[in-house]
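Take a look at the structure set out below.
Read-outs: derived from the displayed coordinates by stated rules, not from any lab. What you are looking at is a predicted structure, and each value in this text was computed from that prediction instead of being measured. Here Cβ is always computed from backbone atoms with ideal geometry, including for glycine, and neighbour counts include all displayed protein chains.
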Amino acid sequence: MIRIVLLGAPGSGKGTQCKRLVTQYGIAHLSSGDILRKERAQGSQLGRKAQAYMDRGELVPDDLVIEMMLQAIKASPKGYVLDGFPRTLGQAIALDNALSKDGGRLDAVIYLDVNDTIIEDRMSGRRSCPTCGAVYHIRNLKPKKAGFCDHDGTPLVQRPDDELEVVKRRLITYHEQTRPLVDYYRSKGLLYEVDANDGADVVDVRLRRIIEGLGGSNKKASTVAEDRSDV
Ligand code: AP5
């Protein structure tokens, strides 16, 4: 069983890489953003509460997100990769407590390190499928037919929170509230840092190398700096 967190700024490629890991390792992809967007689309109480925060580029309050994500984790006994959660120290501590109650712990936290200028370009060019959640980019990861999803032919859309002003707000929120988790997980010996400024295939190789090096769910991860020279 693999229990991993992908940590990184908005647009760092968490969703893109998670989709690949899920195919390769048969684990669940638990994306807090995707779950919240689904709740919004369904008009649930949680979705309505989350809406204004998301549109402003702010974080949804911890109590709402923690409960939602712990439920998703419980429903994933074969392992998972967490995408977008935890995002505050409070969420990280709640996750640690919930896992240790069941005698478990995370295997690794992988930090996708990307420059802010690259982030802005990635997010302004992102297009998503509202039906299956597939993610494309108008230059870097083009669909086979421009504007339509490869999997189900649905017209692709731009996320409302990918407008430049909201992206800038999300980056500020990230640096203030989420970036400190890098030090938190480093101090626990769980952190792996990956240079994720390069193309998705290169980043994929770097991630798989880390995951395959874990050597079992209970092996303690040590902090490593990713060597770019050999991919
Ligand atoms: P969420 O959906 O989690 O957004 P995010 O973390 O801001 O991440 P993104 O989905 O924007 O980016 P990503 O890293 O997945 O990048 P992607 O792979 O798409 O959260 C949205 C909102 O929900 C938050 O603002 C907040 O309000 C709320 N929320 C969610 N979780 C919460 C929590 N835990 N607590 C409180 N509130 C929460 O890639 C981006 C683009 O780049 C794509 O076009 C892709 O094709 C392209 N790309 C990817 N990798 C590469 C590469 N290596 N090279 C070139 N292009 C690439």
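Among the residues of region 19-67, those identified as within 10 Å of the ligand (Cβ to nearest atom) and touching a Ser or Thr at 6+ places or on another chain (Cβ under 7 Å) are GLY57, GLU58, LEU59, ASP62, VAL65. Of all the residues in region 160-183, those that are in contact with a strand residue (DSSP E or B) (Cβ under 9 Å, 6 or more places away or on another chain) and either assigned to a strand (DSSP E or B) or crowded, with 18+ Cβ neighbours inside 10 Å (or both) number 4.
Determine, yes or no, whether LEU99 is surrounded by 14 or more Cβ atoms within 10 Å (Cβ to Cβ) and under 21 Å from LEU6 (Cβ atoms). Judged against the criteria, LEU99 is a match.
The numbered conditions (1) within 22 Å of TYR111 (Cβ to Cβ); (2) without any contact (Cβ under 8 Å) to a residue 60 or more places away in the chain are all true for ARG40 except (1).
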